[in-house]
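Reading through the structure tokens given below for one structure.
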Amino acid sequence: MRTTCPYCGVGCGISAEAEGRALSVAGDPAHPANLGRLCSKGSALGATVGLEGRLLHPTIGDRPATWAEATGLVARRLREAIARHGPDSVAFYVSGQLLTEDYYAANKLMKGFIGSANIDTNSRLCMASAVVAHKLAFGADLVPGCYEDLDLADLVVLSGHNAAWTHPVLFRRLEAARARGQRHVVIDPRRTDTAEAADLHLPIAPQTDVRLWNGLLADLIRRGAIDLAFLSAHVGGFAETEAELARADQSPAAVAADCGVPLADLERFFRWFAATPRTVSLFSMGANQSAQGVAKGLAILNVHLATGRIGKPGACPFSITGQPNAMGGRETGGMATTLAAHMDFEEAARARVRRFWGAPTIAERPGLRAVEMFEAVREGRIKALWIMATNPAVSLPDAGRVREALAACPFVVVSDVMAATDTSAFAHVRLPALAWGEKDGTVTNSERRISRQRPLLPPPGEARADWRIVADVATAMGFGEAFGWRTPAQVFREWARLTAYDNPDRVLNLGPLAALTPEAYDALEPVQWPVTAAGGAPRLFTDGRFQTPDGRGRMHPVAAEGPAEPVDPGYPLALNTGRVRDHWHTLTRTGLAPELCRHAPEPYVEIHPADAAPLGIAEGALTRIVTRQGEAVATARLSDRQRPGSVFLPMHWTQAFAPAGRANPLVAARTDPRSGQPEFKHTPARVRPYRET
Ligand code: SF4
């Protein structure tokens, strides 16, 4: 059976065989994303599908309940909150682990039938800044390139992207291309495994990305290395962007000094970029997770628009997503900031979607984004919260405050695979969901490729598909007619019809997939949207036409700013949080595989020896990491891979695995004002030996 990996946004195809609940997995050689490769996490999936710790029956409080009781109670509490306090008093917090069919159902219920846009996804934490940058520059949230561009490029720039750990199969693809002569430049404050292997590493000072990319654009203009014909025919905003550049000293010496990198290395990067038309610029969490995340994305897109390096083989800016179906959420409207199918909240779009859904109402304006949503819960403005397939008590910034919010919320529903997560401890109702290997539906990876997740194992206990749980609650609320699907194929077809409804020119258009027979849905081969009768589209903007009203791409002036909260004498180090190679999010799955726990078996903090020495911190010493939000304990790893003045703390640890090592209670809940994405990469911190208070 062929299916798709449930971890990162690479979206690797898997060939799997089940015997009872035992599962053997291998890379699918026919899947274009991975061509048979798998990383350590994908290879270990067979160790994660046991039933130990699974939530197998609905519960109300601590007692088992029937599905009818549980969904009836959820429906009643939602209806009561809406009747007493209005539709904005309820909220759904969903996940990039959901399938597209699940996302579609949840979004339809919230925006069309409850009438609020208070549905947001944990993907807000990983790529919301790129979404806003795409919309501003291209007119819609469109990823222009494809993985084949990584094979075809002569230069690949990785900005805030430790692909070797976070997207390992893409990294292997890049390594293969490098063996054929491709060059790699890594822009990252840390000397990660990706940086270690690169031709050039620019270890920039934290939050100086915009300064660097603006400096590159200024250098390209000075050299005459921009594409004047492409600009003139297809792009606006160049003059305004150039004027913004003139407000700062853009000499390489000044840029190198501000970014804290050697001048010779910066100049080499600028020369390589200017001389290499086939350039792909990958950017990921290191760019997005910033109070300046949108500006960082725009600075990268500006360079590609100015050089015409977009829509061509081996040339594009490329935002890489973290989760297996972050893209599906962006498409269906699983974000509080879009309505559905890349439509916003203008009157015409609202009328169109309402008509399509046959909905009694429709959300009027964007809803609460993740951090705002939990703050509204804490302040008592949200009376009923439904969390699907995610663990915000661990993963949101200032997680201690999130726990306070959950504890104070009058009604919390958690639908999840596992019985006991840090978040489900606060649930009034728990609803058992199907896990990977049991679920049936579709996901979209970073290159817009839709792939099937297919069921390999029988549904355990009373677990149900997430889309069906949503439909059951919707039916109990009195909306059964609009949620009467019997199969995921029916949900998918409705979703696909919406993409072209009343506007066939939308780029996000699934075209003929709206008419898939059940058999064709089962057999669906991976395909990149937009889909036409001729098939999928590997690249967008090949004719230089963008999705803006005038069809022109748009450069945006962006100014380099520092972090939202700079370090100070009390908190002199910049705390950076992120992933380790073999773990995924809050360990609910990878924590079950012993082979995945060996790589990083306990919480650690990486610190430069020059910072550790004056503090009396030795290799392996227990260490306190303290911020204004909280404190963690971890063993010290002294490494000159870490930039002096900053420390790195993995984000995965939970109450169950290592309560003192949890990272996100330390992170300030500061966000990019335009994207709502938290600044996970920079919180002022101090570090002390454990024995000192
Ligand atoms: Fe799964 Fe990502 Fe690894 Fe591929 S690279 S096997 S999608 S975790």
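Details
- Protection proxy ranking of 296-307, 503-514, by the mean of other Cβ atoms within 10 Å over each peptide's residues and highest first, is 296-307, 503-514.
- Only beta bridges with both residues in the chain are counted; by DSSP, about 45 percent of them are antiparallel.
- Rounded to the nearest 0.05, the FRET efficiency derived from the C-beta distance between residue 80 and residue 462 at R0 = 35 Å is 0.85.
- For residue 312, the lysines whose Cα falls under 23 Å of its own Cα, not counting residues fewer than eight places away in the same chain, are 135, 296.
- Taking amide H as placed 1.01 Å from N in the peptide plane, residue 140 has its amide H under 5 Å from the amide H of 547, each at least 5 places away in sequence or on another chain.
- A convex hull fitted around the alpha carbon atoms of region 573-689 yields 104 Å³ per residue.
- Total charge dipole magnitude, region 285-355, about the Cα centre, Cβ charges on Lys, Arg, Asp, Glu only, Debye to nearest 20: 120
- Here the gap between residue 379 and residue 251, fully extended at 0.36 nm per residue and compared with their Cα-Cα distance, gives a gain of 41.2 nm.
- Charged-residue dipole, Cβ positions (Lys, Arg, Asp, Glu), region 127-320 about Cα centre, Debye nearest 20: 220
- The magnitude of the dipole of the chain, with charges of +1 and -1 set on the Cβ of Lys/Arg and Asp/Glu and taken from the Cα centre, is near 340 debye.
- Shown is the FRET efficiency for residue 30 and residue 542, computed with R0 = 25 Å from the Cβ-Cβ distance and rounded to the nearest 0.05: 0.45.
- Highest mean first, the peptides 345-354, 425-434 sorted by other C-beta atoms within 10 Å per residue fall in the order 425-434, 345-354.
- If the segment from residue 275 to residue 568 were pulled out straight at 0.36 nm per residue, it would be longer than the present Cα-Cα gap by 101.4 nm.
- Stretchable slack from residue 62 to residue 550, in nm (0.36 nm times residue separation minus alpha-carbon distance): 169.9 nm
- Sorting 221, 382, 82 from the fewest to the most surrounding beta carbons within 10 angstrom yields 221, 82, 382.
- Between region 534-567 and region 211-226, the Cα center-to-center distance that results, in Å: 17
- MRE, 222 nm, helices only [DSSP H, n ≥ 4, -39500 (n - 2.57), over the chain, to nearest 500]: -9000 deg cm²/dmol
- Distance from region 123-148 to region 664-686 (C-alpha centre basis), Å: 20
- Rounded Å value of the spacing that divides the Cα centres of region 619-660 and region 1-57: 31
- Neighbour-count ranking [beta-carbon atoms within 10 angstrom, fewest first] of 357, 467: 357, 467
- Modelled FRET efficiency - R0 51 Å, residue 197 with residue 242, Cβ distances, 0.05 increments: 0.90
- Dipole of the chain, positive direction: furthest Cα of 305, 639, 483, with charges on the beta-carbon: 483
- Of the residues 485, 272, 213, the one with the fewest other Cβ atoms within 10 Å heads the list, and the complete ranking is 272, 485, 213.
- Partner lysines for residue 439 [C-alpha distance under 22 Å; skip if fewer than 8 residues away on the same chain]: 41, 108
- Highest average packing first - 188-197, 202-211, Cβ atoms within 10 Å: 202-211, 188-197
No lab work stands behind these numbers, since they all come straight from the coordinates. As the structure is a computational prediction, the values presented were derived from the model and not from experiment. Backbone-built Cβ (ideal geometry, glycine too); neighbour counts: all protein chains shown.
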